[in-house]
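*Asks:* Take this structure first; my questions come after.
The values are calculated or read from the model by the stated rules, or taken from the named source; none is laboratory data. Since the model is a prediction, treat every value here as computed from it, not as a measurement. We place every Cβ from the backbone using ideal geometry, glycine too, and count neighbours over all the protein chains shown. SASA here: full protein model, heavy atoms, side chains in, ligands and nucleic acids out. Shrake-Rupley method; radii C 1.70, N 1.55, O 1.52, S 1.80 Å.
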Amino acid sequence: MSTTTVMQERDIKQRTFMQNVFKVFGKTGTYAFLLIMALIILFPFYWMIISSLKTLPEYRQAIPTFWPREIMWSNYSEAFKTANLGDLFMNTLYVGVVSTLISLVITVLSAFAFARLEFKGKETLFGALLATMMIPGELFTITNYITVNQLNWMHTFTALIVPFLVSVFYIYLLRQNFMQIPNELYLAAKVDGTSDLKYLWKVMIPLALPTLISITILKMMGAWNSYIWPKLVANDPAHQMITNGLRNAFTDTTGQANYPVQMAAVAIVSAPLFLVFLFLRKYIMQGVSRSGIKG
């Protein structure tokens, strides 16, 4: 074997070794970065859990402890009783379920009309709806409040449900998904004498089911996390939502809050959303990814 061949093989081995070294360092750096980001994201949840298990004197110490000296499971039962979480859960669940069901009907029918039906001014109307997405929702708060007050809807579930039944984003998301379904299916169904509603129910909804599931989840989560609007229009005990009920439920007459018990209540309220995202996250991602960019 010539000296040149030996040197070439040596160079190849050195290059391969350096590539493997850089690959190992690259993967190590990537995983280290992801681990650090995960710790940063999970730390607030960890702090919420350990704070909910502490006694009030331990919580108020100048130097915080990273694990409770005495685990107070009783904070959870006390939180449930103090904040009357049962009624708050029922109010929030009622508003979330009713608003989600009605919103789904409106979203499906609107998306089908913009995706399949032909009528004068369709593109102009759809463009106008998309333009409203550029307006921050907070700008509608005052006008919505005045409208609700004039309709005598204050301190009712109607005020919590009706103003947010229509979501342009959900209509756009589902319309894009509907447009990916071949139009030949619709034309063939019309030739067979199938009505639009039957075609929508039998064909389009099953094919767009992942998107509908993701819309349902996001709508329920939005109702669960709503804070400003319920506080403005229905903050009485009979219609209070769970986010508002936790605000001052743990403050005594002197203005001092029992923070461990309040953290326990926050953990109870956060658990359903955490479980929903944990077990249904694939439907959220699948529904959004299938919406595509067609149209």
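*Asks:* Looking at Gln256, Gln262, Gln176, which one is touching a Ser or Thr at 6+ places or on another chain (Cβ under 6 Å) and farther than 30 Å from Asn149 by Cβ?
*Replies:* Gln176
*Asks:* Which pairs do you get when a residue that is at positive phi, found in segment 145-168, comes within reach of a residue that is surrounded by 17 or more Cβ atoms within 10 Å (Cβ to Cβ) and at pLDDT below 90, reach meaning Cβ atoms under 9 angstrom, with the pair 6+ apart or on two chains?
*Replies:* Correct list of pairs: His155/Ala234; His155/His239.
*Asks:* Moving on. If the requirement is being of a type in the set (Gly, Ala, Ser) and at pLDDT 85 or above, which of these qualifies: Ala257, Ala264, Ala249?
*Replies:* After ruling out the rest, the residue left standing is Ala264.
*Asks:* Is it fair to say Gly121 is small (Gly, Ala, Ser) and at pLDDT 85 or above?
*Replies:* Answer is yes for this residue.
*Asks:* I'm trying to understand the selection: among the residues of segment 135-166, which are closer than 19 Å to Thr92 by Cα and not β-branched (Val, Ile, Thr)?
*Replies:* Matches in segment 135-166: Trp153, Met154, His155, Phe157, Ala159, Leu160, Pro163, Phe164, Leu165.
*Asks:* Then there is this: Can you find even one residue in segment 264-282 that is touching a strand residue (DSSP E or B) at 6+ places or on another chain (Cβ under 6 Å) and under 18 Å from Lys54 (Cβ atoms)?
*Replies:* No, segment 264-282 contains no residue that is touching a strand residue (DSSP E or B) at 6+ places or on another chain (Cβ under 6 Å) and under 18 Å from Lys54 (Cβ atoms).
*Asks:* Just one of the numbered conditions (1) small (Gly, Ala, Ser); (2) in contact (Cβ under 8 Å) with a residue 12 or more places away in the chain; (3) surrounded by fewer than 19 Cβ atoms within 10 Å (Cβ to Cβ) is not true of Ser195; which one?
*Replies:* Unmet condition: (2).
*Asks:* Tally the residues that are open to solvent by 40 Å² or more (accessible area, probe 1.4 Å) and touching a helix residue (DSSP H, G or I) at 6+ places or on another chain (Cβ under 8 Å), restricting the search to segment 164-178.
*Replies:* Keep residues of segment 164-178 that are open to solvent by 40 Å² or more (accessible area, probe 1.4 Å), which gives 164, 166, 169, 172.
In the following step, the residues that additionally are touching a helix residue (DSSP H, G or I) at 6+ places or on another chain (Cβ under 8 Å) were identified as 164, 166, 172.
Selection size over segment 164-178: 3.
*Asks:* May I pose another question? From the set of residues in segment 138-163 that are touching a Phe, Trp or Tyr at 6+ places or on another chain (Cβ under 9 Å) and of a type outside the set (A, V, I, L, M), which is most open to solvent (accessible area, probe 1.4 Å)?
*Replies:* Tyr145
*Asks:* On to the next question. Does at least one position in segment 115-127 carry a residue that is open to solvent by less than 40 Å² (accessible area, probe 1.4 Å), assigned to a helix (DSSP H, G or I), among the charged types (D, E, K, R) and more than 23 Å from Pro272 (Cβ to Cβ)?
*Replies:* Yes, segment 115-127 contains a residue that is open to solvent by less than 40 Å² (accessible area, probe 1.4 Å), assigned to a helix (DSSP H, G or I), among the charged types (D, E, K, R) and more than 23 Å from Pro272 (Cβ to Cβ).
*Asks:* Of the residues that sit in segment 104-114 and are surrounded by fewer than 22 Cβ atoms within 10 Å (Cβ to Cβ) and of a type in the set (Gly, Ala, Ser), which one is nearest to the chain's Cα centre (by Cα)?
*Replies:* Residue satisfying both the conditions and the ranking: Ser110.
*Asks:* Identify all residues within segment 240-254 that are surrounded by 20 or more Cβ atoms within 10 Å (Cβ to Cβ) and either among the aromatic types (Phe, Trp, Tyr) or closer than 21 Å to Gly137 by Cβ (or both); write none if there are none.
*Replies:* Once the filter is applied, which keeps residues that are surrounded by 20 or more Cβ atoms within 10 Å (Cβ to Cβ) and either among the aromatic types (Phe, Trp, Tyr) or closer than 21 Å to Gly137 by Cβ (or both), segment 240-254 yields Met241, Ile242, Asn244, Phe250.
*Asks:* Looking only at helices (runs of 4 or more DSSP H) that fall completely inside segment 157-235, which ones have 1 or more residues that are of a type in the set (Val, Ile, Thr)?
*Replies:* So the answer is 157-161, 168-179, 183-191, 209-225, 228-233.
*Asks:* Go through (1) within 25 Å of the chain's Cα centre (by Cα); (2) more than 15 Å from Val266 (Cα to Cα); (3) aliphatic (A, V, I, L, M) for Leu85 and report which single condition fails.
*Replies:* Looking at each condition in turn, Leu85 falls short on (2).
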